[in-house]
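Engineer: Handing you a structure now.
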Amino acid sequence: MPTNLTRKLLAAHADAEPGAAGEPIDIRIDQTLTQDATGTLVMLALEAIGLDRVRTELSVQYVDHNLVQEDHRNADDHRYLLSACRRFGVWYSPPGNGVSHPVHQQFFGRPGATLLGSDSHTPAAGALGMLAIGAGGLEVALAMAGEPYRTTVPEVWGVRLHGRLPDGVSAKDVVLEMLRRHGVRGGLGRVVEYHGTGLAALSAMDRHVIANMGTELGATSTVFPADDAVRRYLEDQRRGDAYVEWLPDPGATYDVEEEIDLETLEPLIATPSSPGNVVPVREVAGRPIRQAYIGSSANPGYRDFAVAAEIVRGHRVPANVSLDVNPSSRRTLHDLALSGHLAVLIEAGARIHQAGCNGCIGMGQAPPTGGISLRTVPRNFPGRSGTLDDRVYLCSPETAAASALGARITDPRDLRVAYPEIAEPAHGAGEEGLFARPLPLERAREVRLEKGPNIAALPELDELPERIEAPVLLKAADDISTDEILPAGAHVLPYRSNVPKIAEFAFRDVDPDYVARAKDRLPRRHVILGGRNYGQGSSREHAALAPRFLGLVAVVAAGFARIHARNLVNFGVAPLAVDDADAIAGWQVGDTIRIDRLRERLREHAAIAIVNVTRHGEARARCRLTDFRTEVLLAGGLINLVRERSEA
């Protein structure tokens, strides 16, 4: 039977032919990616499990999130990460080298490989024909130790593209169209695989844009074929020898099928405060803006900056608009300088920031109170920008640049100018990247890990109890994001290596009294109620670990985002998905919840009765886990289980 590319990639990295969707599968991991917001916990986990040397083909640690060095904390973490990379045999990408996803694509990505990353946008590497999956840091640490990634076979969602994008429309509008159709839950349990004749006009970096934001659909990953466009890209990066063709078989079938006629697309925009709130730009045109932001892992290519430069060429941005340009990598910044596009942006009034995530993760560049910010970033969850009442819209570089000129949301087609043709650099010109290479094993063993005063060991966690009787301390709405559970930003992320301190920010913007209530009960446990898609967004495991440190033992919700559910399990918190959301709709903060025979029911993969003692109500829930994941949860988390097995 003709096979799609996703199943080919799975089969090449599993010991047996992949079964039906939902069946367990163990995947060998070739490469790993960590970034500094999650990487410190990864390195602490490697210490905890006693790893001597990473066992992957390649592991890379990027410093791209926490670049604001207002005191010693971030600088100390950078130093610790460098020492840990030298100790464990990991490549190190220092501050200013660029955002992990485009830099990894430029220097390390290869068709046919698997990549596991402690960043939810790791699937961007699917642009090269890789199977790339975002995961919690503990699972990435296990992959670095040579363990397979244990998961379930996804559904494969085939999206056939045909036609060509019209002037004023770009790759960002393709993925925004997917979000317009399906929202932030449409990809749950699926890998999105693009195919069809329309691929011919999409470059590898265009595909990166689409694969990156496939995460916002809730998808496990996004996959593109490794075809001539990928070959040309790798040759441009002077890595043509890494190219291997990976294509779906002619006539391959998919679990779910869809078509997009690229010719019919128009500029789209996601309105506040969800990537799923997508409308045509023309519907919101004319609204005044205060910021236009170009860059991030969602629009990191040379073309994304160059097209903005061509749109603003010869003009000045009004004084009441901040045009923020965030180069994605040193190499891209160098290419923009050589081509003259950087000078054009500067002359137009752009503010040029260092290569990194920056404002996308709330590290500076926050918009003013009440002012609209147009951003080419992947997410606009409430407050993620750093401004609590932010009004962040997600759009293409074309829309952002066109809107900056008039200080109002503008359809780029309305400029009525010749649409610029952007030629990619003929080769990967200029900066080679400032990586610290892994040390030979004997030298690595002599490296001392350098820990500043803000770096603490991971807390000890107890095993899951057989019986829970505990109060509800918080009730969350549908689609609560990990940004709302544990905020990012310059005031929070510097404590990522200090769990007791970062826990003080848990649910800060949702319920400011949650932490105090939880601390008053310690060491006793508590429960949280959630809606649908609990924990969407970032892979940051602090959103699971911080509440766990404060006594969280179970989340009872209508449904969970994939990565966050796994992170909860990795720290010994039971993610209990109720069969009927209405059964818990009337339950409130302060109610007492009782669960009997929890460990027994988990081992049996059976329904779990959840009793609301206060309201005399009952709901039935399930914790849909493989046998291995069940053992992780029962042990109180992944590190506990690894320790138990190593001591046996």
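Engineer: Of the residues that make up the range 31-46, is at least one farther than 26 Å from His101 by Cα and either among the acidic types (Asp, Glu) or touching a strand residue (DSSP E or B) at 6+ places or on another chain (Cβ under 9 Å) (or both)?
Structural biologist: Checking the range 31-46: not a single residue is farther than 26 Å from His101 by Cα and either among the acidic types (Asp, Glu) or touching a strand residue (DSSP E or B) at 6+ places or on another chain (Cβ under 9 Å) (or both).
Engineer: Here is a check on your reading of the model: is Val555 within 22 Å of Ile610 (Cα to Cα), outside any loop (DSSP other than H, G, I, E, B), modelled with pLDDT of 90 or more and touching a Leu at 6+ places or on another chain (Cβ under 7 Å)?
Structural biologist: yes
Engineer: Which condition number in (1) in contact with a helix residue (DSSP H, G or I) (Cβ under 6 Å, 6 or more places away or on another chain); (2) open to solvent by 10 Å² or more (accessible area, probe 1.4 Å); (3) not hydrophobic (A, V, I, L, M, F, W, C) is the one that Thr630 fails?
Structural biologist: (2)
Engineer: Out of the range 18-71, which residues are open to solvent by less than 30 Å² (accessible area, probe 1.4 Å) and touching a His at 6+ places or on another chain (Cβ under 7 Å)?
Structural biologist: Once the filter is applied, which keeps residues that are open to solvent by less than 30 Å² (accessible area, probe 1.4 Å) and touching a His at 6+ places or on another chain (Cβ under 7 Å), the range 18-71 yields Ile27, Leu33, Gln35, Asp36, Ala37, Val60, Val63.
Engineer: Next question. Check off (1) modelled with pLDDT of 95 or more; (2) touching a helix residue (DSSP H, G or I) at 6+ places or on another chain (Cβ under 9 Å); (3) open to solvent by less than 10 Å² (accessible area, probe 1.4 Å) for Ser296 and give me the number that stays unchecked.
Structural biologist: Condition not satisfied by Ser296: (1).
Engineer: Shifting gears a bit: Residues that are closer than 19 Å to Asp390 by Cα and either open to solvent by less than 20 Å² (accessible area, probe 1.4 Å) or without any contact (Cβ under 8 Å) to a residue 24 or more places away in the chain (or both): does the range 266-274 have at least one?
Structural biologist: Checked the range 266-274: at least one residue is closer than 19 Å to Asp390 by Cα and either open to solvent by less than 20 Å² (accessible area, probe 1.4 Å) or without any contact (Cβ under 8 Å) to a residue 24 or more places away in the chain (or both).
Engineer: Determine which member of the set Ala145, Ala125 is open to solvent by 10 Å² or more (accessible area, probe 1.4 Å) and touching a strand residue (DSSP E or B) at 6+ places or on another chain (Cβ under 7 Å).
Structural biologist: Ala125
Engineer: Let me ask something else. Return yes when Tyr80 is over 17 Å from Cys357 (Cβ atoms), buried (at least 21 other Cβ atoms within 10 Å of the Cβ), out of contact with any His (no Cβ under 6 Å at 6 or more places or on another chain) and among the aromatic types (Phe, Trp, Tyr) and no when it is not.
Structural biologist: yes
Engineer: Within the bounds of the range 215-227, is there any residue that is over 21 Å from His162 (Cβ atoms), within 23 Å of the chain's Cα centre (by Cα) and in a helix (DSSP H, G or I)?
Structural biologist: yes
Engineer: Can Ser339 be described as farther than 24 Å from Gly214 by Cβ, modelled with pLDDT of 95 or more and not hydrophobic (A, V, I, L, M, F, W, C)?
Structural biologist: In short, no.
Engineer: For Arg540, are the conditions met, namely being assigned to a helix (DSSP H, G or I) and either closer than 30 Å to Val492 by Cα or modelled with pLDDT of 95 or more (or both)?
Structural biologist: Here the answer is no, as Arg540 does not meet what is asked.
Residues are listed down the side, and each one gets a yes or a no for (1) closer than 30 Å to Ser120 by Cβ; (2) not charged (D, E, K, R):
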{"position": "Pro575", "(1), (2)": "yes, yes"}
{"position": "Asp580", "(1), (2)": "yes, no"}
{"position": "Gln588", "(1), (2)": "no, yes"}
{"position": "Arg597", "(1), (2)": "no, no"}
{"position": "Leu602", "(1), (2)": "yes, yes"}
{"position": "His605", "(1), (2)": "yes, yes"}
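Engineer: Right, another one. Please verify whether the range 150-160 includes one or more residues that are part of a loop (DSSP other than H, G, I, E, B), aliphatic (A, V, I, L, M) and surrounded by fewer than 24 Cβ atoms within 10 Å (Cβ to Cβ).
Structural biologist: Yes, there is a match, as at least one residue in the range 150-160 is part of a loop (DSSP other than H, G, I, E, B), aliphatic (A, V, I, L, M) and surrounded by fewer than 24 Cβ atoms within 10 Å (Cβ to Cβ).
Engineer: Return the residue satisfying two criteria in turn: it lies in the range 133-142 and is among the aliphatic types (A, V, I, L, M) and more than 23 Å from Pro248 (Cα to Cα), and of such residues it is surrounded by the fewest Cβ atoms within 10 Å (Cβ to Cβ).
Structural biologist: Residue satisfying both the conditions and the ranking: Leu142.
Engineer: Still on this model: Being open to solvent by 20 Å² or more (accessible area, probe 1.4 Å) and not polar (S, T, N, Q) is true for just one of Gly214, Gly240. Which residue is that?
Structural biologist: From the options Gly214, Gly240, the qualifying one is Gly240.
Engineer: Could you figure out which of (1) open to solvent by 40 Å² or more (accessible area, probe 1.4 Å); (2) more than 30 Å from Ser385 (Cβ to Cβ); (3) small (Gly, Ala, Ser) isn't true of Ala574?
Structural biologist: Failing condition for Ala574: (1).
Engineer: Report whether or not Glu177 is surrounded by fewer than 24 Cβ atoms within 10 Å (Cβ to Cβ) and within 30 Å of Ala48 (Cβ to Cβ).
Structural biologist: no
Engineer: Sticking with this structure for a sec: Show the residue pairs that are 6+ apart or on different chains and have beta-carbon atoms under 8 Å apart, the first residue being within the range 411-425 and modelled with pLDDT of 90 or more, the second being open to solvent by 100 Å² or more (accessible area, probe 1.4 Å).
Structural biologist: The qualifying pairs are Asp411/Arg282.
Engineer: What is the one condition in (1) touching a His at 6+ places or on another chain (Cβ under 9 Å); (2) closer than 20 Å to Glu177 by Cα that Glu283 does not satisfy?
Structural biologist: It fails just one condition, (1).
Engineer: Sticking with this one: (1) charged (D, E, K, R); (2) modelled with pLDDT under 95; (3) open to solvent by 10 Å² or more (accessible area, probe 1.4 Å): which one isn't true of Arg525, the others all being true?
Structural biologist: All conditions pass for Arg525, except number (2).
Engineer: If you don't mind, another one. Being outside any loop (DSSP other than H, G, I, E, B) and among the polar types (S, T, N, Q), is that true of even one residue in the range 378-389?
Structural biologist: no
Engineer: Assuming Tyr419 fulfils every condition listed in (1) out of contact with any helix residue (DSSP H, G or I) (no Cβ under 6 Å at 6 or more places or on another chain); (2) aromatic (Phe, Trp, Tyr); (3) open to solvent by less than 50 Å² (accessible area, probe 1.4 Å); (4) part of a loop (DSSP other than H, G, I, E, B) apart from one, which condition is it?
Structural biologist: Of the numbered conditions (1) out of contact with any helix residue (DSSP H, G or I) (no Cβ under 6 Å at 6 or more places or on another chain); (2) aromatic (Phe, Trp, Tyr); (3) open to solvent by less than 50 Å² (accessible area, probe 1.4 Å); (4) part of a loop (DSSP other than H, G, I, E, B), the odd one out for Tyr419 is (3).
Engineer: Go through the range 485-501 and report how many residues are surrounded by fewer than 23 Cβ atoms within 10 Å (Cβ to Cβ) and either among the aromatic types (Phe, Trp, Tyr) or outside any loop (DSSP other than H, G, I, E, B) (or both).
Structural biologist: The number of residues fulfilling the criteria is 4.
Engineer: So, in the range 506-523, exactly how many residues are assigned to a loop (DSSP other than H, G, I, E, B) and closer than 22 Å to Asp389 by Cα?
Structural biologist: 8
Engineer: Within the range 568-627, which strands (runs of 3 or more DSSP E) (wholly inside it) include 1 or more residues that are free of Cβ contacts under 8 Å to residues at least 40 places away in the same chain and charged (D, E, K, R)?
Structural biologist: Those strands (runs of 3 or more DSSP E) span 617-622.
Engineer: Within the range 367-406, can you find the residues that are touching a Gly at 6+ places or on another chain (Cβ under 7 Å), open to solvent by 10 Å² or more (accessible area, probe 1.4 Å) and β-branched (Val, Ile, Thr)?
Structural biologist: none
The values are calculated or read from the model by the stated rules, or taken from the named source; none is laboratory data. If you're wondering where the values come from, they're calculated on a predicted model, not measured in any experiment. Here the Cβ is made from the backbone with ideal geometry for all residues, glycine too, and neighbour counts use every protein chain on show. Areas reflect the complete protein model, heavy atoms only, side chains present, ligands, DNA and RNA absent. Shrake-Rupley method; radii C 1.70, N 1.55, O 1.52, S 1.80 Å.
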